[in-house]
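Undergrad: Got a structure for you, questions after.
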Amino acid sequence: MTSKPRIAVAKGDGIGPEIMDATLRIMEAAGAELEYDFIDIGEKVYLDGNTAGITNESWDILRRNKIFFKAPITTPQGGGYKSLNVTIRKSLGLYANVRPCKSYTPYVESKHPEMDVVIIRENEEDLYAGIEHRQTTDVYQCLKLITTPGTEKIVRHAFEYARNFNRKKVTCMVKDNIMKVTDGLFAQVFRDIATEYPDIESDLRIIDIGAALLADRPEDFDVIVTLNLYGDIVSDIAAQITGSVGLGGSSNLGKDFAMFEAVHGSAPDISGKDMANPSGLISAAVMMMEHLGQLSVAEKIANAWSRTLEDGIHTGDIFREGVSKHKVGTKAFADAVIERMGQVPINLPVLKLDQDSFKPIIIPEYNRKPAQKDLVGVDIFIDDSVKNADELGAQLLGLAKGALKLKMITNRGVKVFPDGLPETFCTDHWRCRFVNSENSKDVNQMQNVSKEDLLELLSVLTRANVDVVKTENLYYFDGKIAFSLGQGE
Ligand code: NAI
Ligand code: MG
């Protein structure tokens, strides 16, 4: 017999230890074949002066065991403490956050009885790279980084997930009408990869109306794949409208590592009172047992849990007169699930995982396709709180006499020079686009420029006391424009 997998377990803060103990008892009763290494993370570690909230010894255990079962932690208020969740996701390469959101009516009240959605959120990129700068007195920026490998991984993961779990449709949510380059990449990768899965319906939605439709008619959605920030928001919306955040579990998956946790936090308001609903962590445990290939254990836990819910044994957060029969605490809820081990629900769906069709999701190695990259200009960002657009434009036209000529100036993305509107409000942050003067009118026909041309322009500007705060090169990739145009360009 092969040895049991060793997993790292953190009991966390607040209600964490109560719900973790309850869940571990249920897993044992279901016959989970596991060894545990318990690690300390969170509040106590933070308050000991470790701003990361995790010790080196705990990291070593995580890296060795590769599977992490985590109860919620409390992030202390005040500055200096780094989000442990973000650190763990990024350090272990957990690129996919998978959050099933399902309603359990009539046992748990929800306005959406037919809801059964899985949100697959990209977990490492986007605005969460946390690269932020203040550039001028007025203006602050956050870099949104979207990559081809990151996008391919998450989109493929969504389609593979849909296949594994017999889901019919994958909906991608983006804002590519506004962010044509970054969200445009996400949408294009989605369209390309969708063709490899003709058995699964694919659908592309703009995030704002997509989120609105999700809140109104979640039954129309199946699997949703989206970027990090949108996923953060829509997954909370989806969890909330199932009826209770106390029910949701999530997995964070990478190539070599995986972390499983409840959706909710450490609920300090009810901690230590034997009141917490352990269902979110139980549902995370089901996902973990699936991931580990212990499918019959996953089925047993899920089915005994559904049966308990059906039998009206409810913790306070979902207890409702007339539907619920017994109001129980955390421990008694776990006992009720354990009593029903081996039983299946009568009305709620029975979880039946197919040993043959269930396979771990393997993402192919990223294959970088070489592209011809041509430098055709530069955006120079300038801090100027004195001049107006026309004055700055006249100054830059006079200074740039080399290969690179001023084409336009925008302020917050709106063209203000040449031919700006006097009504446009301007900050002290000017994006000044310089391109080769030949053919500069047609954005698809720009001439190459050299790095020396850029340096010459920068030194001319610097000598004239122009305050350059940032430069961004303009490229064609394979002859195609690879930057956005200014509004009105
Ligand atoms: P929370 O999710 O802990 O609590 C929100 C509300 O839901 C509270 O009224 C709470 O009593 C209730 N609730 C949450 N889980 C419940 C459960 N299992 N059973 C019954 N009721 C439940 O969110 P909050 O209050 O914003 O955050 C508290 C702490 O948790 C903060 O320090 C926060 O940073 C941390 N947190 C940690 C997370 C994690 O470790 N993954 C995720 C979210 C928050
Ligand atoms: Mg969130």
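Undergrad: Given that compact globular proteins tend to follow 2.2 N^0.38 Å, what is the ratio of the alpha-carbon Rg of the range 27-160 to that value? Before the final figure, lay out the partial values.
TA: Numbers: Rg = 19.1 Å, N = 134, 2.2 N^0.38 = 14.1 Å.
Dividing the Cα radius of gyration by 2.2 N^0.38 Å gives 1.35.
Undergrad: Lys/Arg Cβ at +1, Asp/Glu Cβ at -1, dipole of the range 373-481 taken about the Cα centre: which of 448, 434, 393 is farthest positive-ward?
TA: The one lying farthest along the dipole's positive direction is 448.
Undergrad: Hey, what do the phi angles of the range 235-242 turn into as Karplus ³J(HN,Hα) couplings, whole Hz, using 6.51/-1.76/1.60 and θ = phi - 60°, x for Gly and Pro?
TA: With the stated coefficients, the range 235-242 comes to 6, 6, 4, 5, 4, 5, 7, 5 Hz.
Undergrad: Right, next: When ranked by the protection proxy of mean other Cβ atoms within 10 Å per residue, highest first, what sequence do the peptides 3-14, 43-54 form?
TA: Descending packing order for the listed peptides: 3-14, 43-54.
Undergrad: Could you run the Karplus curve 6.51 cos²θ - 1.76 cosθ + 1.60 with θ = phi - 60° over the range 469-477 and give me ³J(HN,Hα) per residue in whole Hz, x for Gly and Pro?
TA: Here the 3J(HN,Hα) series is 9, 5, 10, 9, 6, 9, 10, 9, 10 Hz.
Undergrad: Further question: Assuming R0 = 25 Å, can you tell me the calculated FRET efficiency for the pair residue 83 and residue 273, based on Cβ-Cβ distance, to the nearest 0.05?
TA: 0.40
Undergrad: Also: Averaging the inverse of every distinct alpha carbon separation and then flipping it gives the Kirkwood radius. What is it for the range 373-481, in angstrom units?
TA: Value: 14.1 Å, from the Cα pair sum.
Undergrad: Counting only helical runs of four or more DSSP H residues, what would the 222 nm mean residue ellipticity of the chain come to if each run contributes -39,500 (n - 2.57) and the total is spread over all its residues?
TA: About -9500 deg cm²/dmol.
Undergrad: Let me ask you something else. Using the Cα centre as the reference, give the magnitude of the dipole from point charges on the C-beta atoms of the chain (Lys, Arg: +1; Asp, Glu: -1; all else neutral), rounded to the nearest 20 debye.
TA: On the way: 56 positive and 70 negative charges, 103 e Å.
Roughly 500 debye, rounded to the nearest 20.
Undergrad: Of all the C-alpha pairs in the range 111-242, what % are more than 17 Å from each other?
TA: I get 58 percent for the Cα pairs in the range 111-242 exceeding 17 Å.
Undergrad: First measure r as the distance between the Cβ atoms of residue 423 and residue 460, then evaluate 1/(1 + (r/R0)^6) with R0 = 22 Å and state the FRET efficiency to the nearest 0.05.
TA: Once rounded, the FRET efficiency stands at 0.10.
Undergrad: Still on this structure, please answer the following. Quick one: which of 104-110, 377-383 comes out on top by average Cβ neighbours within 10 Å, and what's the full order, highest first?
TA: Numbers: 104-110: 18.7, 377-383: 21.3.
Those peptides, ordered most packed to least, come out 377-383, 104-110.
Undergrad: Could you tally the net charge around residue 68, taking each other residue with its Cβ under 15 Å from the Cβ of residue 68, Lys/Arg +1 and Asp/Glu -1?
TA: Net local charge, residue 68 excluded: +2.
Undergrad: Amide H to amide H under 5 Å from residue 475: which residues, 5+ apart in sequence or cross-chain, H placed 1.01 Å off N in plane?
TA: 376, 482
Undergrad: Starting from the Cα of residue 387, step 7 Å along the direction of its Cβ; do the same at residue 206; then give the gap between the two resulting points in nm.
TA: Modelled inter-label distance: 3.6 nm.
Undergrad: May I ask you to give the percent of accessible area on the chain that is carbon plus sulfur, with a probe radius of 1.4 Å?
TA: 51
Undergrad: Out of 424, 128, 474, whose Cα points farthest toward the positive end of the dipole of the chain (charges: +1 Lys, Arg; -1 Asp, Glu; placed on Cβ)?
TA: Of the listed residues, the answer is 474.
Undergrad: Considering only 281, 85, 149, whose Cα is most displaced toward the positive end of the charge dipole of the chain, charges sitting on Cβ of Lys, Arg (+1) and Asp, Glu (-1)?
TA: 149
Undergrad: Considering amide H positions built from the backbone, and no H for Pro or chain starts, which residues 5 or more places from residue 6, or on another chain, come under 5 Å of its amide H?
TA: 35
Undergrad: Sticking with this one: Roughly how far apart, in whole Å, are the Cα centres of the range 278-293 and the range 16-43?
TA: 11
Undergrad: Across 5 Å bins from the origin, how do the percents of Cα pairs in the range 349-432 run, short distances first?
TA: 3, 11, 17, 14, 8, 5, 5, 5, 5, 5, 5, 6, 5, 4, 1
Undergrad: Quick one: accessible area per residue over the chain, 1.4 Å probe, rounded to a whole number of Å²?
TA: Normalised by residue count, the accessible surface of the chain is 47 Å².
Undergrad: Next question, about the same structure. Using a 7 Å offset from Cα along Cα-Cβ at residue 138, what residues in the range 348-387 end up with backbone N under 19 Å from the label point?
TA: 380-387
Undergrad: In debye, nearest 20, what is the charge dipole magnitude of the range 373-481 about its Cα centre with +1 on Lys and Arg Cβ and -1 on Asp and Glu Cβ, if you could check?
TA: Values: 14 positive and 17 negative charges, 29 e Å.
Using Cβ point charges on Lys, Arg, Asp and Glu, the range 373-481 gives about 140 debye.
Undergrad: For the range 219-322, state which trypsin sites (Lys or Arg not before Pro) are in a DSSP loop and have at most 16 other beta carbons lying within 10 Å of their beta carbon.
TA: Qualifying residues, ordered by number: 255, 273, 320.
Undergrad: How much FRET efficiency would the formula 1/(1 + (r/R0)^6) give for residue 60 and residue 448, where r is the Cβ-Cβ distance and R0 is 45 Å, rounded to 0.05?
TA: Values: r = 51 Å, r/R0 = 1.13.
Calculated transfer efficiency: 0.35.
Undergrad: Okay, next question. Once the convex hull of the C-alpha atoms of the chain is built, how many Å³ does it hold per residue, rounded to a whole number?
TA: On the way: hull volume 89.0 nm³, N = 489.
Here the figure is 182 Å³ per residue.
Undergrad: Please report the net charge: other residues with Cβ closer than 12 Å to the Cβ of residue 472, K and R +1, D and E -1.
TA: +2
Undergrad: Let me ask you something else. By per-residue mean of other Cβ atoms within 10 Å, what is the highest-first order of 232-242, 151-161, 441-451?
TA: Going by the mean number of other Cβ atoms within 10 Å, highest first, we get 151-161, 232-242, 441-451.
Undergrad: Next question. Just to confirm the number: angle between the C-alpha axis of helix 16-29 and the first principal axis of the chain, 0 to 90 degrees, nearest 10?
TA: Computed tilt is about 60 degrees.
Undergrad: In Å and on Cα atoms, what radius of gyration and Dmax does the range 228-346 show?
TA: 14.9, 47
The values are calculated or read from the model by the stated rules, or taken from the named source; none is laboratory data. If you're wondering where the values come from, they're calculated on a predicted model, not measured in any experiment. Neighbour counts run over all protein chains shown; Cβ positions are idealised from the backbone, glycine included. With ligands, DNA and RNA removed, areas are computed over all heavy atoms of the protein, side chains included. Shrake-Rupley method; radii C 1.70, N 1.55, O 1.52, S 1.80 Å.
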